[in-house]
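Peer 1: Got a structure for you, questions after.
The values are calculated or read from the model by the stated rules, or taken from the named source; none is laboratory data. Just so we're clear, the structure is a prediction, and the values are computed from it rather than from any experiment. Counting neighbours? That spans all protein chains shown, and the Cβs are built from the backbone with ideal geometry, glycine included.
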Amino acid sequence: MKNIKSNVVLRGILLAVFTLYCLSSLTCYSSPGDLGISDGQGLRLVILNYHKIGNYNDFYSVSSKQFSEQVDYLFNNGYAVISLADFRSWRQGEIELPNKVFMLTFDDGNKSDYETVYPLIKERGLKGVFFLKTKAINTEGYLNAAQIKEMSGSGLCEFGSHSVTHRNVNTLSKKILNGELIDSRNTIQSITGKDVYAFAYPNGMWDEAAMEALMENDYQFAYTVMPGMNDLKTNPLELRRIIINRGVSHKIFVAWVERDEKLYKRYYSAMFKKASRDGLSAVAKLCEEELHK
Ligand SMILES: [Zn+2]
């Protein structure tokens with residue numbers, strides 16, 4: 001119960017920051033920055049997190065138009081889109097990447113992934129990473145196995161685990177958590193025939209025990225919903241993602257992507273206090289790291 005409440009409060013803080021930020025004046029950014037090839041140190045990876053795209057009556061949905069504007073901004077400002085496999089190969093020193101890159105991620109496995117996102121991905125030459133809560137596959141409002149198979153077969157869409165039941169991983173016993181990690185992976189792999197090595201924390205919650213369980217089960221990457229940039233120093237089990245929802249105007253989108261100091265400081269100060277109070281030490285530690293960047 002405490003964790004459910006805690007989620008609501010965490011989301012509340014995020015919304016409050018958005019609102020405050022809308023009201024305050026913003027620094028304008030003219031980007032691009034150099035487009036050199038990353039030697040490992042210079043790479044700056046922005047990961048965006050979407051849920052539904054299209055006309056839905058849902059706070060965690062954005063219109064196709066907003067999505068396209070956001071992608072346009074990134075392309076126009078010198079960012080290149082990469083897949084998770086690209087990021088993994090880069091981390092292993094197998095390939096080089098431009099310094100400014102972005103990754104698109106979509107959580108939960110909503111049917112809009114197939115109906116709206118997949119056509120946009122094909123049309124615009126994008127790549128996407130989709131995190132499935134596997135219990136929902138083949139149920140109303142969610143992707144079915146045939147759609148997942150088709151998207152995966154296109155080579156443009158990768159699939160990761162978002163657990164089986166979408167419970168907060170920090171509330172589960174080790175045995176149950178292991179089951180969530182193993183069963184969700186098996187389900188996805190049986191549909192796509194491809195390896196699953198990435199996880200997105202349900203509701204953005206995690207702790208040290210969850211990271212250990214992920215490592216023990218050979219997951220190489222895990223995605224939070226803490227905003228920020230990713231580079232070679234980022235813990236691969238604590239990847240930063242910027243959540244895009246209806247509250248994110250274009251101005252705020254740019255401020256998150258370009259790491260507006262005032263916005264980040266405000267967000268992470270509030271989040272640090274909250275996480276410390278709730279004994280969420282992994283979250284508090286990440287907040288501290290971000291505050292000292
Ligand atoms: Zn989710």
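Peer 1: Do we have any residue at all in the stretch 217-239 that's within 16 Å of the ligand (Cβ to nearest atom), crowded, with 20+ Cβ neighbours inside 10 Å and among the acidic types (Asp, Glu)?
Peer 2: no
Let's see how each residue does on (1) in a helix (DSSP H, G or I); (2) touching a strand residue (DSSP E or B) at 6+ places or on another chain (Cβ under 6 Å); (3) of a type in the set (Asp, Glu):
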{"site": "Val248", "(1), (2), (3)": "no, no, no"}
{"site": "Lys251", "(1), (2), (3)": "yes, no, no"}
{"site": "Ala255", "(1), (2), (3)": "yes, no, no"}
{"site": "Lys262", "(1), (2), (3)": "yes, no, no"}
{"site": "Tyr267", "(1), (2), (3)": "yes, no, no"}
{"site": "Met271", "(1), (2), (3)": "yes, no, no"}
{"site": "Val283", "(1), (2), (3)": "yes, no, no"}
{"site": "Cys287", "(1), (2), (3)": "yes, no, no"}
{"site": "Glu290", "(1), (2), (3)": "yes, no, yes"}
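Peer 1: Let me spell it out: the conditions are (1) within 13 Å of the ligand (Cβ to nearest atom); (2) touching a helix residue (DSSP H, G or I) at 6+ places or on another chain (Cβ under 6 Å); (3) in contact (Cβ under 8 Å) with a residue 60 or more places away in the chain, and Tyr142 meets all of them except one. Which number is the exception?
Peer 2: (3)
Peer 1: Next question, about the same structure. For residues that are under 17 Å from Arg91 (Cβ atoms) and assigned to a loop (DSSP other than H, G, I, E, B), scanning just the stretch 182-206, find the one that is farthest from the ligand (Cβ to nearest atom).
Peer 2: Asp195
Peer 1: Within the stretch 207-227, how many residues turn out to be part of a loop (DSSP other than H, G, I, E, B) and touching a Ser or Thr at 6+ places or on another chain (Cβ under 8 Å)? Steps first, answer last, please.
Peer 2: Step one: list which residues in the stretch 207-227 are part of a loop (DSSP other than H, G, I, E, B), which gives 207, 217-220, 224-227.
Now narrow it down to the ones that are touching a Ser or Thr at 6+ places or on another chain (Cβ under 8 Å): 207, 219.
The number of residues fulfilling the criteria is 2.
Peer 1: Which pairs do you get when a residue that is among the hydroxyl-bearing types (Ser, Thr, Tyr), found in the stretch 120-134, comes within reach of a residue that is surrounded by fewer than 21 Cβ atoms within 10 Å (Cβ to Cβ) and at pLDDT 95 or above, reach meaning Cβ atoms under 6 angstrom, with the pair 6+ apart or on two chains?
Peer 2: Cβ pairs passing all conditions: Thr134/Thr187.
Peer 1: Next question, about the same structure. Looking only at the stretch 140-148, decide whether some residue is small (Gly, Ala, Ser), exposed (fewer than 14 other Cβ atoms within 10 Å of the Cβ), at pLDDT 95 or above and in a loop (DSSP other than H, G, I, E, B).
Peer 2: Looking through the stretch 140-148, at least one residue is small (Gly, Ala, Ser), exposed (fewer than 14 other Cβ atoms within 10 Å of the Cβ), at pLDDT 95 or above and in a loop (DSSP other than H, G, I, E, B).
Peer 1: Moving to a separate point now. When you scan the stretch 168-181, do you find a residue that is assigned to a loop (DSSP other than H, G, I, E, B), within 16 Å of the ligand (Cβ to nearest atom) and within 12 Å of the chain's Cα centre (by Cα), even just one?
Peer 2: no
Peer 1: Regarding Phe106, is this residue hydrophobic (A, V, I, L, M, F, W, C), touching a residue at least 12 places away in the same chain (Cβ under 8 Å) and touching a helix residue (DSSP H, G or I) at 6+ places or on another chain (Cβ under 6 Å)?
Peer 2: yes
Peer 1: Related question: Kindly list, by first and then second residue, each pair from a residue in the stretch 188-211 that is under 16 Å from Ala146 (Cβ atoms) and among the hydroxyl-bearing types (Ser, Thr, Tyr) to a residue that is in a strand (DSSP E or B) and within 16 Å of the ligand (Cβ to nearest atom), limited to pairs with Cβ atoms under 8 Å and residues at least 6 apart or on different chains.
Peer 2: Final answer for the pair search is Thr192/Phe159.
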